[in-house]
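The values are calculated or read from the model by the stated rules, or taken from the named source; none is laboratory data. Fair warning: this is a prediction, and the values are worked out from it, not measured in the lab. All Cβ positions, even for glycine, are placed from backbone atoms using ideal geometry, and neighbour counts span all protein chains on display.
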Amino acid sequence: MKLELNKKWFEDRILLEDDSDVAAGIPPSEDASDDSKEEEMSNAKSAGA
Amino acid sequence: MTANVSNVYLVEVSSGQLVKAELHDAILPRHLDHHERLWKPLIQARQEEHGHWDWQSKCRHYSAQLSYEFLAVECQQETQGLMIVNTIRRCRLPQQTNKHLVYVEYLEVAPWNRPHVTVDPKYRLVGTVMLAAAIQLSIDDGNKGRIGLHSLPQADTFYRDRCGMTDLGPDASIFGNLHYFEMTEQQATQFMQRS
């Protein structure tokens, strides 16, 4: 993948920026794809068995 | 491991000037190292509500699956942003239902660039560059720039007002009722429009 945008594009984007924070995805505290979370869930299952 | 590198620009907040940066279409070991050594202490010190993602385990988890792509933004030898996308998800907007899109699974910007973490952010445009990359991946895959994502609450205004994405509202199937956003072909064209 190559992103080819000229410098002017970035200059113009500055005008649209504000102080918004940028992030996307399931919050880490609820994300089961982290190994640590999987381990926790596995332990919880074992404890409940 | 090698990666394609694209030349991009970020805004250095202290000078207000554009500075050269690199977009890598891979998350390399040094990017993970930066996350561990440089990002984590700052995030932990801030005791953020959502904590942080474990990018090492994410890369292990998703790298075996061909539908996932990995991206990193680097500037001044430091990692400024990380992103993982899924290239085979489907659209929800009625006018493009079931068409393929690129779904942003995870997008995180370095804590020193985030206004919610520091009053004195270092670089701006990191999120914008990563969104442009997701759109480009969608175009490259023949999906005409269509992308989707679940936004963390503090980013809703960015996706809606700054990027022009359509807000489909809270998604009850996702923890925290995160808002689901989608970008149409037309919105992507507008976002990427060259000056």
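Go through segment B:28-73 and give me each residue that's buried (at least 20 other Cβ atoms within 10 Å of the Cβ), in contact (Cβ under 8 Å) with a residue 24 or more places away in the chain and among the acidic types (Asp, Glu).
Listed by number, the list holds a single entry, B:Glu69.
Take segment B:160-174 and flag every residue that is at the interface with chain A (Cβ under 8 Å from one of its Cβ atoms) and either part of a loop (DSSP other than H, G, I, E, B) or hydroxyl-bearing (Ser, Thr, Tyr) (or both).
Across segment B:160-174, the qualifying residue is only B:Ile174.
Of all residues in chain A being among the hydroxyl-bearing types (Ser, Thr, Tyr) and within 20 Å of the chain's Cα centre (by Cα), which is modelled with the lowest pLDDT?
Of everything passing the filter in chain A, A:Ser36 is modelled with the lowest pLDDT.
Looking at (1) at pLDDT 95 or above; (2) out of contact with any helix residue (DSSP H, G or I) (no Cβ under 7 Å at 6 or more places or on another chain), which one does B:Lys58 not meet, given that it meets all the others?
Result: B:Lys58 fails condition (1) only.
Output the residues belonging to segment B:132-156 that are within 8 Å of chain A (Cβ to nearest Cβ) and either in a strand (DSSP E or B) or under 23 Å from B:Ser173 (Cβ atoms) (or both).
Of everything in segment B:132-156, those that are within 8 Å of chain A (Cβ to nearest Cβ) and either in a strand (DSSP E or B) or under 23 Å from B:Ser173 (Cβ atoms) (or both) turn out to be B:Leu149, B:His150, B:Ser151, B:Leu152, B:Gln154, B:Ala155.
Go through segment B:114-123 and give me each residue that's buried (at least 24 other Cβ atoms within 10 Å of the Cβ) and at pLDDT 95 or above.
Matches in segment B:114-123: B:Tyr123 only.
Any chance you could count how many residues in segment B:175-195 are facing chain A (nearest Cβ under 10 Å), within 24 Å of A:Leu3 (Cβ to Cβ) and free of Cβ contacts under 8 Å to residues at least 12 places away in the same chain?
Residues in segment B:175-195 being facing chain A (nearest Cβ under 10 Å), within 24 Å of A:Leu3 (Cβ to Cβ) and free of Cβ contacts under 8 Å to residues at least 12 places away in the same chain: 3 in total.
How many residues are in a loop (DSSP other than H, G, I, E, B) and surrounded by fewer than 15 Cβ atoms within 10 Å (Cβ to Cβ) if we restrict to segment A:1-16?
Within segment A:1-16, the first condition is being in a loop (DSSP other than H, G, I, E, B), and the residues that meet it are A:1-6, A:15-16.
Next, only the ones that are surrounded by fewer than 15 Cβ atoms within 10 Å (Cβ to Cβ) stay: A:2, A:4, A:6, A:15-16.
Number of matching residues: 5.
Grab the helices (runs of 4 or more DSSP H) fully contained in segment B:13-125, keeping just those with 3 or more residues being more than 10 Å from chain A (Cβ to nearest Cβ).
Passing ranges, in order: B:29-34, B:40-46.
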